[in-house]
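Working notes for the structure below.
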Amino acid sequence: MSFISRVVAVCLSFSFLAIADDYSENPGTEGNGNVIVGPDYQIDPDLTDCGNPKGQNFQFSMPLAESNIFRGDDSTLDTTKPVRVARNIFVYVPAAYRNGTEAPILVMHDGPNRLDLVQHALDNLTISKNPKRRLPAFIVISVQNGGDDSKGSQRGLEYDTMSDRFARFINNEVLPAVLNNAEIRAAYPKIAFTENPWGRAAMGCSSGGAATLTMGWFRPDLFRRLITYSGTFVDQQDDDAPEEATYPLGAWEYHSGMKLIETSEKKPLRIFTHVAENDIRATDPESTYHNWVMANQRTAVALKAKGYDYRYVFSRASRHCDRQVFEHTLANTLVWMWRGYHDE
């Protein structure tokens, strides 16, 4: 990271924090705590096409070689695991967005996974007649991962590393690329994103869920509303990563070992977590550090103990990143996550 880039990042951080200090909301505690769903699942009507006005979809690509943060050539990468030449970026601007306003945003990982459900939620709930279910007109930025999976992969480097690197990549490179995209600018000449971190959400499943929590944990000045499904809060950080010196068990450290959540100062975050009954478990029963269900249960306990605004869903008779769970819960998840948010 160059000196100029560091100065810009620091200035942006102070700017975002100043905005957050002047902003307050009262979301209440409705929906907080532990929830069990299933084993029967039905799609929420708010996640279907109800015939309401549609927004606009955009897609463009970002070559990895042009990035200053994730070029695809890190020394920790396993050379047998493929890295994308370019990542696709999918953007949805809801019909309720008004050009020129500073929009809240939702960054989604593993794009375009589940983007269709979020689009329907926006189409239906930004104009809901029920004020308790009305969503703000946030713009969705769905980001494709860098390729492959697990330790040694580009995706694993981006999602499972315990640092602010991915949050900086999204904030410093992806968001400006969206705002400067010619096609998007032609449709919305005055498009803008809010600098209020309470208006910036992230969402992901599996390692994308770990990335979501890590974005907010290391950079609450940038992202404060976090949605994780089947979160990989396990030891999946690359063994060669320099972050191993500080966080030797990767995301497992959030809830066990050093108990990062409980022993750290409480951060300004609103956090949704989920795990499925039949979520990924270790093939080796002795490998505790790879037990997804245990990891998410412990994370929920830690969030409760620390007094966070959190919602933890356990889904019966379901699998890792199970679409039927998203179809059943995502509308309520989004409503809970954005409760209390308002334009400044």
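The values are calculated or read from the model by the stated rules, or taken from the named source; none is laboratory data. Given the structure is predicted, the values throughout are model-derived calculations rather than measurements. All Cβ positions, even for glycine, are placed from backbone atoms using ideal geometry, and neighbour counts span all protein chains on display.
The residue of region 246-274 that is nearest to Ala295 (Cα to Cα), among those that are of a type in the set (D, E, K, R), free of Cβ contacts under 8 Å to residues at least 60 places away in the same chain and in contact with a Lys or Arg (Cβ under 8 Å, 6 or more places away or on another chain), is Glu262. Among the residues of region 153-166, are any under 30 Å from Asn52 (Cβ atoms) and at pLDDT 95 or above? No, there is no match, as no residue in region 153-166 is under 30 Å from Asn52 (Cβ atoms) and at pLDDT 95 or above. Scanning region 21-59 for residues that are of a type in the set (A, V, I, L, M, F, W, C) and either under 20 Å from Glu327 (Cβ atoms) or surrounded by fewer than 16 Cβ atoms within 10 Å (Cβ to Cβ) (or both) yields Val35, Ile36, Val37, Ile43, Leu47, Cys50. Just one of (1) more than 19 Å from the chain's Cα centre (by Cα); (2) surrounded by fewer than 23 Cβ atoms within 10 Å (Cβ to Cβ); (3) modelled with pLDDT of 95 or more; (4) within 18 Å of Cys205 (Cβ to Cβ) fails for Ser315. It is (2).
Looking at Ala201, Ala210, Ala192, just one residue is at negative phi, at pLDDT 95 or above and surrounded by fewer than 21 Cβ atoms within 10 Å (Cβ to Cβ), and that residue is Ala192. The set of residues in region 81-104 that are surrounded by fewer than 22 Cβ atoms within 10 Å (Cβ to Cβ), β-branched (Val, Ile, Thr) and in a strand (DSSP E or B) contains only Ile89. The residue of region 252-283 that is surrounded by the most Cβ atoms within 10 Å (Cβ to Cβ), among those that are in a loop (DSSP other than H, G, I, E, B) and hydroxyl-bearing (Ser, Thr, Tyr), is Ser256. For region 302-322, the criterion of being assigned to a strand (DSSP E or B) and either β-branched (Val, Ile, Thr) or under 30 Å from Ser75 (Cβ atoms) (or both) is met by at least one residue. One residue stands out in region 17-52 among those that are among the charged types (D, E, K, R) and part of a loop (DSSP other than H, G, I, E, B): the one that is nearest to Ala276 (Cα to Cα), namely Asp40. Flag not set for Asp149, criterion: in contact with a Ser or Thr (Cβ under 8 Å, 6 or more places away or on another chain), crowded, with 21+ Cβ neighbours inside 10 Å and of a type in the set (Asp, Glu). Of the residues making up region 289-301, those that are part of a helix (DSSP H, G or I), in contact (Cβ under 8 Å) with a residue 24 or more places away in the chain and either aromatic (Phe, Trp, Tyr) or surrounded by fewer than 22 Cβ atoms within 10 Å (Cβ to Cβ) (or both) are Tyr289, His290, Trp292, Arg298, Val301.
Selection of region 196-238 for residues being among the charged types (D, E, K, R) and out of contact with any Ser or Thr (no Cβ under 6 Å at 6 or more places or on another chain) yields Arg200, Arg219, Arg224, Arg225, Asp235. Pairs meeting the criteria (first residue in region 232-245 and surrounded by 23 or more Cβ atoms within 10 Å (Cβ to Cβ), second residue of a type in the set (Ser, Thr, Tyr) and in a loop (DSSP other than H, G, I, E, B), beta carbons under 6 Å, at least 6 apart or on different chains) are Thr232/Ser206; Gln237/Thr161.
Which of the residues that make up region 65-76 are in contact with a Gly (Cβ under 8 Å, 6 or more places away or on another chain) and either free of Cβ contacts under 8 Å to residues at least 40 places away in the same chain or under 21 Å from Val140 (Cα atoms) (or both)? Can you show your working first?
Filtering region 65-76 down to residues in contact with a Gly (Cβ under 8 Å, 6 or more places away or on another chain) leaves 65, 70, 72, 76.
Matches in region 65-76: Ala65 only.
Selection of region 1-55 for residues being at pLDDT below 60, more than 24 Å from Ala137 (Cβ to Cβ) and of a type outside the set (S, T, N, Q) yields Met1, Phe3, Ile4, Arg6, Val7, Val8, Ala9, Val10, Cys11, Phe14. Looking at region 16-54 only, could you name the residues that are more than 24 Å from the chain's Cα centre (by Cα) and free of Cβ contacts under 8 Å to residues at least 60 places away in the same chain? Passing the criteria: Asp40, Gly51.
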